[in-house]
1. Take residue 168 and residue 104, extend 7 Å from each Cα along the Cα→Cβ direction, and tell me the distance between the two endpoints in nm.
2. If one puts a single equal scatterer on every Cα of the chain and applies the Debye formula without solvent, what log₁₀ I(q)/I(0) results at q = 0.12, 0.16, 0.18 Å⁻¹?
3. Any idea what angle helix 65-75 forms with the longest principal axis of the chain, computed on alpha-carbon atoms, 0 to 90 degrees, nearest 10?
4. For the chain, what is the relative contact order in percent, using Cα pairs closer than 8 Å and at least 6 residues apart in sequence?
5. Under the Kirkwood approximation applied to all pairs of distinct alpha-carbon atoms, what is the hydrodynamic radius of the range 107-155 in Å?
6. Can you give me the relative contact order of the range 168-224 as a percent, contacts being Cα pairs under 8 Å and 6 or more apart?
7. Over the alpha-carbon set of the range 59-157, divide Rg by the Kirkwood Rh and report the Rg/Rh ratio to two decimals.
8. For residue 120 and residue 214, what does the FRET efficiency come to when R0 = 35 Å and r is the distance between their Cβ atoms, rounded to the nearest 0.05?
Ligand code: SAH
């Protein structure tokens, strides 16, 4: 079973939106599992402090390496085969390829930071892989962890209704997805492209591929340069 362990100061944020819809059904059917652990249980002193002022001065607070180490060690033994991820805007941007890898593995241990982030030393000491969900700053790693898990869980066998629908989407072949239409045929004077109503599946497939290419060239030329075929 694919298993996610979350370390957070806000365990009540989980499963959150992943308790609903496809991911939620799969969660209650035992296709995947989620446990969220309160980092503060490993905090220091009567106030269970998890953070302190930055060495060298400056604004904000930094999460302590010793507290995070204790939380990580309690959540997963050293020989746990799951990758240890640290949600971080400095990390490698998450891609569909990395999501596929993660979904094919045993799950993930995910550390969600708050404040200014974590003491740098915890990253090497516990071999954390920093993962970003985009070039913007969130107030904490929880929403990023939810996004990452959502992307993984929908790929697990038996989660999505139609197995194929995962393969024809944006990024799966290095292209953005072609435009989609459904009823009604006339929406405020805008028609569905004639070719989609032709019943000629060969022609439709070619049209979709051309549309996907044109859209990718216009919006995300960066995707085309690194593309297989
Ligand atoms: N001072 C840090 C930002 C801290 S934001 C910096 O400038 O890099 C607080 C926490 O939110 C981060 O430690 C991280 O866990 C999470 N976070 C913020 N933006 C993120 C992003 N784009 N991707 C993944 N996690 C993010």
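1. Going by the 7 Å Cα→Cβ label model, 2.3 nm.
2. -0.78, -1.14, -1.31
3. The answer is roughly 70 degrees.
4. It rounds to 19 percent for the chain.
5. Hydrodynamic radius (Kirkwood, Cα only) of the range 107-155 equals 11.9 Å.
6. 42
7. Rg divided by Rh gives 0.96.
8. 0.20
Every number here is computed from the coordinates shown, using simple stated rules; none is lab data. The model shown is predicted, which means the values in this text are computed figures rather than measured ones. Note: ideal-geometry Cβ built from the backbone for every residue, glycine included; neighbour counts use all protein chains shown.
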